[in-house]
Amino acid sequence: MKTHISLILALLATAAFWGEAIAKPHSVLIIHSYHRELPWVQQCDQGISVVLSDSCLLNFVYLDTKRIPESEFPVRTKAAMTEVRRLDPDLVMLGDDNALRMLGPAIAEIPKPVVFFGINNNPREYFDELPENVTGILERVPLFPLIRHLARILPEAQKALVLTDSSPTSKAVIYTTFAQRRMVTVDKIEVEYLIASDWNEWRRAVKEQTTHDLIAIPLFHALKDNTGRHIPTEEVIRWTSKNSPVPVFAYQDYAVGDDGVVGSYVIFGKTHGRYAALLARDILEGKEPHVPPAYMDQGGKFFFNEKQLKRFGLTLPPEIRERTIFR
């Protein structure tokens, strides 16, 4: 009888051990290029957590490369790699271009499965050859689709300025959309771009505007003044809206408001993060990914502000108005 009891206890212990092993959750390390407080980062984290938080242990690292000097990037890169080795995750997710550029090659060589998201450049630019264990979701800022819609809202517009900061992400957006052209015609609107080197150049471009009928600001999160101080996103939005003599449009929902820009055409960070997380989950489960490698997220939704529309005497066409969320 004692032998039977001992055997049963041993079997139960073995079953418990294997049950524990089977139930052990996967670990995922998410490394963001930017800081935790940035709305895009928060939205991506929400989308990732919705998919993975119930089945995976999630750890986050924020490189903060929009606010810190570029001279500090190597220190952040080394610290992030230390976390990769310490945590030894089953999969690493890299958010936005700086993270993929700074960490992608090293992590891929460990090797670990890598899923990128928020990438505006061609990911092959960051590797000698794109490794088999690296895939992800491209983010394509709908730069020209917004201009096409604005051509209907501002039918008299002839010239538009795309104004960006000088971050690597901004340069990637300009490179992929303008393809080395200084000017592109979109629905009879001549579209030019200016990459502002600092806050002073940004303000001059806005306040002294005399040649363009509208301004589009896809990226403005990495602006610094001549002392190196990072200009908070909210300050950039408020100042630009208040001082621009022409309507200003953005690509983020949080930029729209009574003290913000007139409107935006938005890729949702939460949806984008969810796409990347679904891809990561499939890889962790050994399944064929539901979305193809390097899937391109370029869908958008309208946000407008009534006060700003009235300020510039703008009326939304019915087909745009019915698709708009008002802020």
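Grab every C-alpha pair in segment 139-205, bin the distances at 5 angstrom width from 0 up to the longest one, and report whole percents.
3, 17, 26, 23, 19, 10, 2
What lysines does LYS307 reach when the alpha-carbon gap must be under 24 Å and sequence neighbours fewer than 8 apart in one chain are set aside?
Of all the lysines, those that pass the test against LYS307 - Cα under 24 Å, at least 8 places apart if same chain - are LYS159, LYS207, LYS242.
In debye to the nearest 20, how big a dipole does segment 86-143 give about its Cα centre with +1 on each Lys and Arg Cβ and -1 on each Asp and Glu Cβ?
So the dipole magnitude of segment 86-143 works out to roughly 140 debye.
Residue-wise, which Karplus ³J(HN,Hα) couplings in Hz belong to segment 53-65, taking 6.51 cos²θ - 1.76 cosθ + 1.60, θ = phi - 60°, and x for glycine or proline?
The phi angles translate into 5, 6, 10, 10, 8, 9, 10, 10, 10, 10, 6, 6, 6 Hz.
Report the relative contact order of the chain, percent, no decimals, based on alpha-carbon pairs under 8 angstrom and at least 6 residues apart.
In percent, rounded to a whole number, it is 18.
Tell me the carbon and sulfur percent of the accessible area for segment 22-125, rounded to whole percent, probe radius 1.4 Å.
Carbon and sulfur: 50 percent of the exposed surface of segment 22-125.
Quick one, what does Rg over Rh come out to for segment 81-135 if you take C-alpha atoms and the Kirkwood Rh?
Computed over Cα atoms, the ratio is 0.93.
Using alpha carbons only, how many degrees (0 to 90, rounded to 10) separate the axis of helix 233-243 from the longest principal axis of the chain?
Between helix and principal axis, roughly 10 degrees.
If you count only protein heavy atoms and use a 1.4 Å probe, how large is the accessible surface of MET183, to the nearest 10 Å²?
Looks like 80 Å² after rounding.
If you wrap a convex hull around the alpha carbons of the chain, what volume per residue comes out, as a whole number of Å³?
Cα-based convex hull of the chain, divided per residue, equals 163 Å³.
Quick one: if you stick a label point 7 Å off each Cα along the C-beta vector at GLU156 and LYS307, how many nm between them?
Roughly 2.5 nm, to one decimal.
Could you report the accessible area of TYR175 in Å², rounded to 10, computed with a 1.4 Å probe on the protein chains as they sit in the structure?
120 Å²
Order LYS112, LYS78, most accessible first, counting only protein heavy atoms with a 1.4 angstrom probe.
Ranked from most to least accessible, the order is LYS78, LYS112.
Under 5 Å between amide hydrogens, which residues at least 5 positions from LEU57 or on another chain qualify, with H placed 1.01 Å from N in the peptide plane?
Close amide H contacts, sequence-distant or interchain: HIS26, SER27, VAL28.
If you roll a 1.4 Å probe over the heavy atoms of the protein chains, what accessible area per residue do you get for segment 191-327, in Å²?
Values: 6320 Å² over 137 residues.
About 46 Å² of surface per residue is accessible.
Which value at 222 nm does the chain reach when only helices count, each DSSP H run of 4 or more adding -39,500 (n - 2.57), with the total divided by all residues and rounded to the nearest 500 deg cm²/dmol?
Taking each H run of at least 4 residues, the total per residue is -12500 deg cm²/dmol.
Under a no-solvent Debye model with one identical scatterer per Cα of segment 183-230, what's log10 I(q)/I(0) at q = 0.16, 0.21 Å⁻¹?
At q = 0.16, 0.21 Å⁻¹ the computed log10 ratios are -0.52, -0.80.
Among all the lysines, which ones have a C-alpha under 20 Å from LYS78's C-alpha, if same-chain residues fewer than 8 places away are not counted?
Answer for LYS78, where 20 Å is the Cα cut-off: LYS66, LYS112, listed by chain and number.
Using only protein heavy atoms and a 1.4 Å probe, report how much of ARG203 is accessible, in Å² to the nearest 10.
Solvent-accessible area, nearest 10 Å²: 80 Å².
If you place +1 on the Cβ of every Lys and Arg, -1 on the Cβ of every Asp and Glu, and leave all else neutral, what size is the dipole of the chain about its Cα centre, to the nearest 20 Debye?
Magnitude of the dipole: close to 540 debye.
The values are calculated or read from the model by the stated rules, or taken from the named source; none is laboratory data. This one's a predicted model, so the numbers in the text were calculated from it and none came from an experiment. Neighbour counts run over all protein chains shown; Cβ positions are idealised from the backbone, glycine included. These area figures cover heavy atoms from the full protein model, side chains too; ligands, DNA and RNA do not enter into them. Shrake-Rupley method; radii C 1.70, N 1.55, O 1.52, S 1.80 Å.
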